[in-house]
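Worksheet for the structure shown next.
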Amino acid sequence: MINDQPPSFIKQADMSTTNMHVSGSEKDKQLLISIVKDMGESMSGARSTKHWTAEVLWFDIPPFVSRGIPPAVKMFDHVFSNFQSYKTSFLHLDVTLNETLGVVCSTQQVDIAFRSGVNKTVMVRQTDCFRKTNNAWQLFHQHASLGSGGEWDGKIVTEI
């Protein structure tokens, strides 16, 4: 069995598309969701990173590990230059937050139309970690990964 309970000092809000339990600050929760969704609609490095801290650490977005905004802007701009368009659908969202820390975990389906004429759908699992400083939420860590092992059936495993 996988322990999916957050530490006791964190208030949790389940934001799955079919089930919503409200706890913590509703305003902060909605703001974090809107930031994550805005990143999912971005077509530029500047827009993708506008809520990032200068010392942000991110994993599994080439290169393997990066720190800071400049390499992210360069990478995002390069990737987006190959897209004609794309659409991100959020299949699942979980928000965990307290007064100063927020974590948004999402499962995303990204439908991409490349400039080359090729269309592709990818499944992305992403964790966005935020801290609230001077009343503003900023992303300090992002981990994105592509699914492995076939199609997602919409279920989160809690027992094996």
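The values are calculated or read from the model by the stated rules, or taken from the named source; none is laboratory data. Just so it is clear, the model here is predicted, and its values are computed rather than measured. Cβ atoms come from the backbone with ideal geometry, glycine included; neighbour counts cover every protein chain shown. In case anyone asks, the SASA skips ligands and DNA or RNA and just uses the protein heavy atoms, side chains included. Shrake-Rupley method; radii C 1.70, N 1.55, O 1.52, S 1.80 Å.
Pick out, in residue order, every one of the trypsin sites (Lys or Arg not before Pro) in the range 95-146 that is DSSP loop and has at most 12 other C-beta atoms within 10 Å; say none if there are none.
Values: sites: 115, 120, 125, 131, 132; in loops: 115.
Filter output for the range 95-146: 115.
Per-residue SASA remark: residue 77, around 70 Å² accessible (1.4 Å probe; ligands, DNA and RNA not included). Probing with 1.4 Å while keeping every protein chain in the model, the per residue accessible area of the range 54-133 equals 52 Å².
Find how much the distance from residue 116 to residue 47 grows on full extension, using 0.36 nm per residue of separation minus their present alpha carbon separation; answer in nm with one decimal. Walk me through the numbers before you get to the answer.
On the way: separation 69, 0.36 × 69 = 24.84 nm, distance 2.40 nm.
Using 0.36 nm per residue and subtracting the Cα-Cα distance, I get 22.4 nm.
Amide H contacts for residue 92 (H built 1.01 Å from N in the peptide plane; partners 5 or more residues away or on another chain; cut-off under 5 Å): 107. Shown in residue order for the range 32-39 are the 3J(HN,Hα) couplings computed by the Karplus curve 6.51 cos²θ - 1.76 cosθ + 1.60 at θ = phi - 60°: 4, 4, 5, 5, 5, 5, 5, 4 Hz (x for Gly and Pro).
In this view, the solvent-accessible surface of residue 26, computed with a 1.4 Å probe and all protein chains in place, comes to about 70 Å².
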